[in-house]
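Visitor: I'd like to ask you about the structure that follows.
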Amino acid sequence: MPKKSDQEKLDLFIKWHDTWDTTTVTARHKAQRDHDYYHGLQWTDEERVELERRRQPIIVKNRIFKKINFLLGDEIANRTDPKALPRTSIHSTDAIAVTDALRYISDLERMDQVTSKVWYNVLIQGYGGAVVEHDVVQRKGEFPEVAVKLRHVKWDRLWYDVHGR
């Protein structure tokens with residue numbers, strides 16, 4: 001199979017994005033509505049105009065905000081540290097070393113904060129994400145050094161495979 005050129009790859013990515021864009025219009029509008037509901041914007045413009053015409057106060061008893069915040073607090077209260085488990089008993093020391101590395105990166109990159117931000121997006125908009133990036137730095141005569149970066153991606157800045165499971 002011949003290799004694809006950069007232009008062919010770009011065209012394929014653009015096609016995937018366009019498919020996502022047209023397929024998820026309704027879902028993204030609902031996600032924005034849900035975002036507004038969480039922030040107390042639960043009346044339509046027409047309803048607000050009618051209430052103002054009748055000189056009634058615009059009151060919102062925001063139970064959504066309260067429930068989402070409860071679930072956010074629950075995630076924080078039940079948070080766990082990453083842990084690697086050995087496949088066999090001879091790998092137990094390897095698992096300890098991997099656990100230490102995972103916890104170091106978790107602390108360094110503030111994984112708990114990123115996790116909470118992604119969970120916030122999942123609760124309100126229905127999906128969220130983070131990006132794990134790494135870079136290998138090779139200095140002459142030394143072991144390679146790996147730099148790992150973890151960052152939250154806001155719900156309205158990511159797109160996904162609409163046909164994926």
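The values are calculated or read from the model by the stated rules, or taken from the named source; none is laboratory data. Since this is a predicted model, take the numbers as computed values, not measurements. Positions of Cβ are generated from backbone atoms using ideal geometry, with glycine treated the same way; all protein chains shown enter the neighbour counts. Calculation scope for accessible area: heavy atoms of the full protein, side chains included, ligands and nucleic acids excluded. Shrake-Rupley method; radii C 1.70, N 1.55, O 1.52, S 1.80 Å.
Visitor: With every protein chain kept in the model, how would you rank His29, His39, His91, His152 by accessible area, 1.4 Å probe, largest at the top?
Guide: His29, His39, His91, His152
Visitor: Moving on to the next point. Name the residue, out of Leu102, Leu72, Leu12, whose mean-square fluctuation peaks in a Gaussian network model built on the chain with Cα pairs under 10 Å.
Guide: Judging by the Gaussian network model, the answer is Leu12.
Visitor: Sorted by accessible area (1.4 Å probe), largest first, how do Tyr127, Tyr104, Tyr160 line up? Intermediate values should be presented prior to the final figure.
Guide: Details: Tyr127 40, Tyr104 140, Tyr160 85 Å².
My answer, sorted largest first, is Tyr104, Tyr160, Tyr127.
Visitor: Going from most exposed to least, what order do Thr22, Thr44 have by accessible area with a 1.4 Å probe? If you can, show how the numbers build up before the last one.
Guide: Details: Thr22 105, Thr44 65 Å².
Of Thr22, Thr44, the descending order of accessible area is Thr22, Thr44.
Visitor: Would you mind calculating the gained length between His17 and Glu46 on full extension (0.36 nm times residue separation, minus the Cα-Cα distance), in nm to one decimal? Write down the numbers at each step before the final one.
Guide: Working: separation 29, 0.36 × 29 = 10.44 nm, distance 3.43 nm.
Going from the current span to full extension adds 7.0 nm.
Visitor: Past 23 Å, Cα to Cα, is the threshold; run Lys30/Lys61; Lys66/Lys149; Lys9/Lys149 against it and keep the listed order. Don't jump to the answer; show the numbers that get you there.
Guide: Details: Lys30/Lys61 20 Å; Lys66/Lys149 32 Å; Lys9/Lys149 26 Å.
From Lys30/Lys61; Lys66/Lys149; Lys9/Lys149, over 23 Å: Lys66/Lys149; Lys9/Lys149.
Visitor: Report Ser116's accessible area, 1.4 Å probe, all protein chains in place, as a number in Å² to the nearest 10.
Guide: Near enough 30 Å² of accessible area.
Visitor: What is the distance in Å between the Cα centres of the stretch 37-72 and the stretch 1-23?
Guide: Their Cα centres are 42 Å away from one another.
Visitor: Ignoring everything but the protein chains, give the 1.4 Å probe accessible area of Thr23 in square angstrom, nearest 10.
Guide: Probe radius 1.4 Å; accessible area of Thr23 about 80 Å².
Visitor: Determine which lysines satisfy two conditions relative to Lys15: a Cα distance under 23 Å, and not lying fewer than 8 residues away in the same chain.
Guide: Lys3, Lys4, Lys154
Visitor: Moving on to the next point. Compute the distance in nm between two label points, each set 7 Å from the Cα along the Cα-to-Cβ direction, one at Leu108 and one at Arg157.
Guide: 2.2
Visitor: At 1.4 Å probe size, what's the solvent-accessible area of Asp36? Round to the nearest 10 Å².
Guide: Number for this one is 50 Å².
Visitor: Under a 10 Å cutoff between Cα atoms, tell me which one of Arg54, Arg79, Arg33 has the largest fluctuation in the Gaussian network model of the chain.
Guide: Arg54
Visitor: Once the piece of chain linking Gln56 and Asp135 is laid out straight, how much longer is it, given 0.36 nm per residue of separation minus the C-alpha distance between them? Present the calculation step by step, with values, prior to reporting the outcome.
Guide: On the way: separation 79, 0.36 × 79 = 28.44 nm, distance 5.87 nm.
Separation in residues times 0.36 nm, less the Cα-Cα distance, equals 22.6 nm.
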